[in-house]
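Before I ask anything, here is the structure I am working with.
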Protein chains: 2
Amino acid sequence: MIRHRLYRLVPKWIAYASAVLAAGLPAVAQEPLPSWNDGPAKQAIVRFVADVTTADGPRFVPPAERIAVFDNDGTLWGEQPMYFQLAFALDRVKAMAPEHPEWWETQPFKGVLENDLESVLAGGERALLELVMASHAGNTTEEFSQIVADWVTTAKHPRTGRLYTDMVYQPMLELLAYLRDNGFKTYIVSGGGIEFMRPWTERVYGIPPEQVIGSSIKTQFEMRDATPVLVRLPEMNFLDDKAGKPVAINQHIGRRPRMAFGNSDGDLEMLQWTAAGPGARFCLYVHHTDAEREWAYDRESSIGRLDRGLDEAASRGWTVVDMKRDWKRVFPFER
Amino acid sequence: MIRHRLYRLVPKWIAYASAVLAAGLPAVAQEPLPSWNDGPAKQAIVRFVADVTTADGPRFVPPAERIAVFDNDGTLWGEQPMYFQLAFALDRVKAMAPEHPEWWETQPFKGVLENDLESVLAGGERALLELVMASHAGNTTEEFSQIVADWVTTAKHPRTGRLYTDMVYQPMLELLAYLRDNGFKTYIVSGGGIEFMRPWTERVYGIPPEQVIGSSIKTQFEMRDATPVLVRLPEMNFLDDKAGKPVAINQHIGRRPRMAFGNSDGDLEMLQWTAAGPGARFCLYVHHTDAEREWAYDRESSIGRLDRGLDEAASRGWTVVDMKRDWKRVFPFER
C-alpha cells in the first residue's frame with residue numbers, strides 16, 4: 001500500500017518539475033488575429049477576451065457561459081452578388097430540370113432555366129420561396145446533405161471563380177479560432193438554411209453541426225422499406241432572421257450569448273438580445289466598406305442592408321469593423 | 001535559438017518518463033457503473049463503449065460523433081403517479097389562483113383547485129393542454145426559468161416526500177458520467193418542456209441547457225421599456241414525442257446519435273432512428289419492473305406505456321434493463 005502511494009507521488013513531482021521549467025521559458029505565443037490591423041476593433045476584441053478570461057477579474061465569465069454567436073452570410077462568408085444559397089437553388093433547379101419539362105413553361109423556373117434573373121426577381125418573395133421549396137424539399141435529410149456537399153466542392157463564384165467555401169473571411173476564421181482557444185463555444189445563427197450549412201461548417205469554420213442554427217423547412221419521420229428516414233417537406237418551419245434570431249438562440253442554446261457578430265439589420269435583434277444580458281457582453285458589426293477586395297454596401301443594399309444597425313451600433317458603442325481599414329486580408333486565397 | 005530548442009525538449013522528456021512510470025503502476029481505475037449489477041445490460045454497455053473507443057478497432061467512433069440521447073421522464077427520473085411536470089402545472093395553477101377568481105367556476109381549473117383530479121382528467125387532452133398553457137405561458141423566458149428553479153427546490157413528491165430532482169435514477173447518473181468520461185456528448189430528448197428542464201439539468205444530470213431538447217411553446221421577441229424580452233405564448237411550437245423525436249434530434253444536433261436510451265413507446269422512433277445509422281449503434285430500454293423500490297408498469301400503463309417498444313427490443317436485440325434485477329439501487333437517497 002505504502003509502496004503504491006510512493007509510486008503515485010512520482011508522476012506528480014515530475015509534472016510539477018515540468019511545469020516549473022516550462023514557466024521559466026520565454027513566451028512564444030503567436031500574436032492573435034494576424035490578419036487584423038491593430039486598430040480599435042481588434043483592440044476591443046482582445047481586451048474583452050482578456051477581461052472575461054481573467055479568473056479573479058470583475059468581468060470574468062465561467063467557461064460554460066462563453067457563448068459566441070455569428071451570423072453567416074456577409075459575416076463569415078460573402079453574400080454578393082446574391083446569397084450563395086440562392087446560387088445553389090438556381091443550380092439545383094437547372095440540375096433537376098430534365099425531370100421537370102413543365103418548368104420551361106412556368107415562372108419562376110422558366111426564368112432560371114433561361115438565365116433571366118430579372119424575370120425571376122420580378123416574382124418577388126413568393127417566386128423565391130417557390131424556388132427554394134422546389135430545390136430544397138422532396139428528398140431525405142441524408143440525400144440533401146450529399147447534394148449540398150457535392151455543390152460546395154464544385155460550384156464556383158461568378159466573380160472570383162473560387163469555390164464558395166473559399167470565399168470566407170480570413171480575419172473571421174482567425175477570430176473563431178481565437179475565441180475557441182479562449183474557451184468560447186462558437187455558434188452560427190443564420191438566416192440561411194440550417195441543413196444547407198451543416199454539411200461543410202465543421203470543415204470550413206470548425207463549427208460542428210450541433211452548433212449551427214438557421215432557417216428550416218419541416219421534416220417528417222417515415223418508414224421506407226422498414227428503414228426510418230426524415231423527409232424534407234415543402235413547408236417553412238422557422239425563419240431565423242431578425243426577431244427570429246433571439247427566439248432560435250433561446251430554443252437551441254438556452255443561454256444568452258456573451259458575444260454576437262453580424263453584418264446587417266437582420267442581426268440587430270440578436271445583438272440587442274445579447275447586449276441586454278447582465279455582465280460582460282460584446283457586440284460587433286462587420287461593415288462592408290471594401291469595393292476593391294470585396295464589396296461596399298450598407299444602408300441602401302437589398303442584400304445585407306445595414307442601416308438601423310449602424311445607427312444603433314454608434315449610439316450603443318458597439319464595435320464596427322471597417323473591412324477596408326481593419327482587415328489586412330479579406331479572403332484566405334489573397335496573398 | 002538552440003538554447004530555446006533544448007529547453008523545449010526538457011518537458012517532453014519529463015512527460016515521457018512520467019508516462020513510462022505511470023504505465024508500470026497497477027490499474028486503480030474505479031469499476032464503472034457501481035449501482036449496476038454485473039448482468040447482461042451492464043455488460044452490453046461496457047462492451048459497446050470499449051468497442052467504440054478502441055482507436056484501431058473495427059467499431060471505433062470518432063469523439064465528435066459520440067452522441068448519446070436520453071429520454072427524461074421514466075428514463076432519467078420518475079414519472080409516477082403523474083408526470084412531474086403535470087404536478088408543476090397543478091401547483092402553478094394553485095399559486096396563480098388568487099389572480100384568477102374565475103378559475104373557481106371553470107373546469108379544468110376548478111378541479112385543480114378542489115384537488116379533484118378525476119374531473120380534470122375527464123376533460124381529456126384538451127383540459128391538460130389548457131392547464132399547461134395557463135401555467136407555462138404569459139411570462140418571459142427568464143421569469144419562467146426562475147419559477148421552475150423555485151419549484152424544483154421546494155416541491156415534494158407525494159409518495160416519497162423527496163424533491164423531484166432527488167427522484168433521479170442513480171444508475172442512470174452513473175451511466176451519464178461514464179459516457180461523458182468516454183467522450184460522449186449526452187443529450188436529453190424529452191416529451192417534457194424544454195424550458196421546464198433547462199433550469200436544473202446541468203446541476204442534476206451534468207447536462208447543459210444547449211444539450212436539452214424538448215417540447216416547446218412559441219416565444220416572441222418584444223421590447224419592454226427598451227429592453228428586449230422573449231415572451232412565452234400560449235401556443236404549441238413543437239411536440240417532442242414519438243416521430244417528433246428524430247425530427248428534433250435532426251433539428252438540434254444535426255447528427256444521428258450512436259446511443260439512445262428510453263423507457264416507453266414514445267421513444268421508439270428515436271431508438272429506430274438511432275439503430276438505423278451505419279456503424280456501431282446502441283439502443284436501450286429501461287423497463288419498470290420494481291414495484292417495491294419504484295413502480296412496475298409497461299404494456300397497460302397510461303403513463304410511460306412500453307408495449308410495441310418491448311416487442312421491437314426483443315426482435316432487434318436491443319438491451320432491456322430490468323430495474324429490479326439490473327439495478328442495485330434505484331434512487332440516490334436509498335442506502
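Read the figures in this text as sums done on the coordinates, not as results from a lab. Just so it is clear, the model here is predicted, and its values are computed rather than measured. FYI the Cβ positions are ideal-geometry reconstructions off the backbone, even for glycines, and counts take in every protein chain you see.
Out of the residues in segment A:65-98 meeting the condition of being out of contact with any Gly (no Cβ under 9 Å at 6 or more places or on another chain) and within 14 Å of chain B (Cβ to nearest Cβ), tell me which one is surrounded by the fewest Cβ atoms within 10 Å (Cβ to Cβ).
Filtering segment A:65-98 for residues that are out of contact with any Gly (no Cβ under 9 Å at 6 or more places or on another chain) and within 14 Å of chain B (Cβ to nearest Cβ), the one surrounded by the fewest Cβ atoms within 10 Å (Cβ to Cβ) comes out as A:Ala68.
Test each condition in (1) more than 15 Å from the chain's Cα centre (by Cα); (2) away from every other protein chain (no Cβ under 13 Å) for A:Leu284 and report the one that comes out false.
Answer for A:Leu284: the failing condition is (1).
Provide a single number: the residues in segment B:245-261 that are more than 9 Å from chain A (Cβ to nearest Cβ) and in contact with a Phe, Trp or Tyr (Cβ under 6 Å, 6 or more places away or on another chain).
Qualifying residue count for the region: 2.
Then there is this: Identify all residues within segment A:262-309 that are outside any loop (DSSP other than H, G, I, E, B) and surrounded by fewer than 17 Cβ atoms within 10 Å (Cβ to Cβ); write none if there are none. Give the derivation first.
We begin by selecting, within segment A:262-309, every residue outside any loop (DSSP other than H, G, I, E, B); these are A:262, A:265-275, A:282-289, A:296-297, A:308-309.
A:Ala296, A:Arg308, listed by residue number.
How many residues does segment B:251-261 hold that are surrounded by fewer than 23 Cβ atoms within 10 Å (Cβ to Cβ) and in a strand (DSSP E or B)?
0
Determine the pairs where a residue that is under 19 Å from A:Gly244 (Cβ atoms) and facing chain B (nearest Cβ under 9 Å), located within segment A:192-220, has a partner that is outside any strand (DSSP E or B) and of a type in the set (Lys, Arg) with Cβ atoms under 7 Å apart, the partner being 6 or more residues away or on another chain.
A:Val212/A:Arg198
Out of all the residues in segment B:221-244, which are surrounded by fewer than 17 Cβ atoms within 10 Å (Cβ to Cβ), charged (D, E, K, R) and more than 10 Å from chain A (Cβ to nearest Cβ)?
B:Arg224, B:Asp225, B:Glu235
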